[in-house]
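> This structure is in structure tokens; I'll ask about it shortly.
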There are 2 protein chains.
Amino acid sequence: MTNTSYNLVNDNTIRLFFDAFGNMKRFKILAILKNDPMSVSRLQRVMNCEQSDVSHNLQCLLNCGFVNKKINGKERIYYVNEEAKPIINAVYKHINKYEKYLISCNIMANPAISMKNR
Amino acid sequence: MTNTSYNLVNDNTIRLFFDAFGNMKRFKILAILKNDPMSVSRLQRVMNCEQSDVSHNLQCLLNCGFVNKKINGKERIYYVNEEAKPIINAVYKHINKYEKYLISCNIMANPAISMKNR
DNA sequence: TTGTCATATGAATATTTTATCATATGAATA
DNA sequence: TATTCATATGATAAAATATTCATATGACAA
């Protein structure tokens, strides 16, 4: 090996990161909340999915420190932690920039590719 | 909503990205290959896992355009595409920077947290 | 051409993750 | 305090993903 920097962060930390981050729905939640802190019910409407689904995903993001919440009467307003914003932006920009590329790679892919992506 | 930029990238593209990227093992593969292009067997030794496991994961990364390969005799040398390097670096830096933070969030987490992370 | 090394592939299984449902908690208000 | 709204939680079901095993392919060397 010419470089061993990839050993500097331990597996458990990488796992924690991806536990919360490695999922489309949670990424969308982050992308939404990043600009608009909002309540669970409003997020539910924007995301168009079940209340408990949203709550579970928010718990997950809370556990890994991507979001926090503040109480507002009956509501809980979730917002993205400042520390997490740069990486959300970076991933968002990457996806946006390589959208066409990602799709074309997928289309010309070899036979091993799973059907759901075709 | 004060900002609707999160609607500009379609779900399918986000899904493609996370199909490949949202996983600890594949991220480690990317982090390794980014600095050291190498053969499947060498990667297998570095990662300490099964050959077919490595191959399957490499196929996945290949399908979504994160890596490519070149033939060298019997070997296949996998390397990370230049386009993918910035986002790998960004995530790597984020994880490294917030390592302690990620871990502490997890420890103080509410009861909903899965046991595997404790 | 046979054997061996390197990799790829497909199928089966195991494991993890996600989604859903039922219900609990807790705040506000009639 | 009963009711309703907002959210959280736990259990289960369902789906997706990862892992493993057996085997195929393909290059090279004996």
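Every number here is computed from the coordinates shown, using simple stated rules; none is lab data. Every value quoted in this text rests on a predicted model; they were computed, and no experiment measured them. FYI the Cβ positions are ideal-geometry reconstructions off the backbone, even for glycines, and counts take in every protein chain you see.
> Along Cα-to-Cβ, 7 Å out, sits the label point; list in nm, shortest first, how far the one on B:Lys25 is from those in the other copies.
Inter-copy label distances (nm, one decimal, shortest first): 2.3.
> Treating only the Cα positions of region A:10-117 as identical point scatterers, give the base-10 log of I(q)/I(0) from the Debye formula at each q in 0.19 Å⁻¹.
-1.01
> If you don't mind, there's one more thing I want to ask. Hey, got a sec? Which trypsin sites (Lys or Arg not before Pro) in region A:62-102 land in a DSSP loop and have at most 16 other Cβ atoms within 10 Å?
Listed in order of number, the matching sites are A:Lys74.
> Continuing with this model, one more query. Under a cut-off of 16 Å between alpha-carbon atoms, report the lysines in cross-link reach of B:Lys70, not counting same-chain residues fewer than 8 places apart.
B:Lys34
> Follow-up question, since we're still on this one. Axis carrying A onto B: which residue of A has the nearest Cβ, and how far, whole Å?
Nearest-to-axis residue on chain A, with distance in whole Å, is A:Gly22, 1.
> Could you pull the Rg and Dmax for region A:17-61, using just the Cα atoms, both in Å?
Taking only Cα atoms of region A:17-61, I get Rg and Dmax of 9.6, 27 Å.
> A follow-up question, please. Using only alpha carbon pairs under 8 Å that are at least six residues apart, calculate the relative contact order of region B:9-117 and give it in whole percent.
25 percent
> Once the label point is placed 7 Å from Cα along Cβ, list for B:Lys93 the distances to the corresponding points in the other copies, in nm, shortest first.
Output for B:Lys93: 1.0 nm, nearest copy listed first.
> Going 7 Å from Cα along the Cα-Cβ axis for the label, what nanometre distances separate B:Gly73 from the same residue across the other copies?
Inter-copy label distances (nm, one decimal, shortest first): 7.3.
> Treat every Asp and Glu Cβ in region A:1-92 as -1 and every Lys and Arg Cβ as +1, leave all other atoms uncharged, and give the resulting dipole magnitude about the Cα centre to the nearest 20 debye.
Result for region A:1-92 is approximately 320 debye, rounded to the nearest 20.
> Among A:Ile14, A:Ile88, which comes first, second and so on when ranked by fewest other beta-carbon atoms within 10 Å?
A:Ile88, A:Ile14
> Of A:Asn89, A:Ala20, A:Cys60, whose Cα points farthest to the positive end of the dipole of region A:10-117 (charges on the beta-carbon: +1 Lys, Arg; -1 Asp, Glu; origin at the Cα centre)?
Final value for the positive-end residue is A:Asn89.
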